[in-house]
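Chemist: Quick one: structure below, then a few questions.
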Amino acid sequence: MSKLLLAVFTIAALCGAAAPSRAQNTSTKEVTVRVTVDRIQKSERVVTFRAEGNVFQNVYFDPSVAGFEDLKVGDRVTVRYQQSVVVKINRNAKLSSERDTTAEAQKADPTVIQQSTAVVKVESVDMAGHQITYRTADDRKMVQNVEDTKLLEGLRSGDRIEVTATRAKAVSIEK
């Protein structure tokens, strides 16, 4: 799993066949990060930020967000942006490695900056401990803390879940 899905599992906590599946669990929140401006694409209103550990992320700035025009490469800023995670149970889904679904998502919503989807198999869910243990397509066992336990509701050992992580537009920026 890539850094985006792992980061989203940590930050947020944690399309398959039309076979038996339950409703999806969704967590949408605003994320606030302190970052350094690495690159500015003025015509597209996209800024690449460098966070701790040299992790890069792109964020779209709607024209309504004040401060975009004043940004310069090297600025240290605090950015708030929208992020969501969707967990959908699909018992017949084939395990899959993470795949980039950004282009597909941008057709429906042009403010989407990055989206990734993977199908994993749940081994255990610890609601009290805010943790999920799952297996990836390459049979790696992963344990992940989950801040928003709403994402874990209804999950059981053996479930195959499709996890979609989406990062969209900025809400605000401060120097």
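Chemist: So, in the stretch 79-96, of the ones that are of a type in the set (A, V, I, L, M, F, W, C), within 18 Å of the chain's Cα centre (by Cα) and over 13 Å from Val33 (Cα atoms), which residue ends up surrounded by the most Cβ atoms within 10 Å (Cβ to Cβ)?
Modeler: Val87
Chemist: Still on this structure, please answer the following. Which of the residues belonging to the stretch 37-49 are in a strand (DSSP E or B) and surrounded by 15 or more Cβ atoms within 10 Å (Cβ to Cβ)?
Modeler: Val37, Asp38, Ile40, Val46, Val47, Thr48, Phe49
Chemist: Looking at the structure I just gave you, is Arg99 assigned to a strand (DSSP E or B) and either surrounded by 15 or more Cβ atoms within 10 Å (Cβ to Cβ) or not hydrophobic (A, V, I, L, M, F, W, C) (or both)?
Modeler: Against the criterion (assigned to a strand (DSSP E or B) and either surrounded by 15 or more Cβ atoms within 10 Å (Cβ to Cβ) or not hydrophobic (A, V, I, L, M, F, W, C) (or both)), Arg99 qualifies.
Chemist: Something else: Could you grab me the full set of residues in the stretch 31-45 that are in contact with a Phe, Trp or Tyr (Cβ under 7 Å, 6 or more places away or on another chain) and within 30 Å of Lys150 (Cβ to Cβ)?
Modeler: Hits for the stretch 31-45 are Val31, Val35.
Chemist: When the stretch 50-66 is examined, which residues are found to be more than 16 Å from the chain's Cα centre (by Cα), within 13 Å of Val37 (Cα to Cα) and polar (S, T, N, Q)?
Modeler: If the condition is that a residue be more than 16 Å from the chain's Cα centre (by Cα), within 13 Å of Val37 (Cα to Cα) and polar (S, T, N, Q), then Asn54 is the only one that fits.
Chemist: I would also like to ask the following. If we keep just the residues of the stretch 121-175 that are assigned to a loop (DSSP other than H, G, I, E, B) and under 16 Å from the mean Cα position of the chain (by Cα), which is surrounded by the fewest Cβ atoms within 10 Å (Cβ to Cβ)?
Modeler: Checking each candidate, the answer is Glu147.
Chemist: Which condition breaks for Val65 when tested against (1) at pLDDT below 90; (2) closer than 14 Å to Lys169 by Cβ; (3) not in a strand (DSSP E or B)?
Modeler: (1)
Chemist: Something else now. Filter the stretch 103-120 down to the residues that are buried (at least 18 other Cβ atoms within 10 Å of the Cβ) and at pLDDT 90 or above, then identify the one that is farthest from Val87 (Cα to Cα).
Modeler: Result: Ala105.
Chemist: Right, another one. Looking at the stretch 68-78, can you tell me whether even one residue there is part of a strand (DSSP E or B), surrounded by fewer than 16 Cβ atoms within 10 Å (Cβ to Cβ) and at pLDDT 90 or above? Full working, then the answer.
Modeler: Just the residues of the stretch 68-78 that are part of a strand (DSSP E or B), to begin with: 76-78.
Retained after the next criterion (residues that are surrounded by fewer than 16 Cβ atoms within 10 Å (Cβ to Cβ)): 76, 78.
If we keep only those that are at pLDDT 90 or above as well, we get 76, 78.
Yes, there is a match, as at least one residue in the stretch 68-78 is part of a strand (DSSP E or B), surrounded by fewer than 16 Cβ atoms within 10 Å (Cβ to Cβ) and at pLDDT 90 or above.
The values are calculated or read from the model by the stated rules, or taken from the named source; none is laboratory data. Not measured: the values here are computed from a predicted model. In this analysis, Cβ positions are derived from the backbone assuming ideal geometry, glycine residues included, and neighbour counts consider all displayed protein chains.
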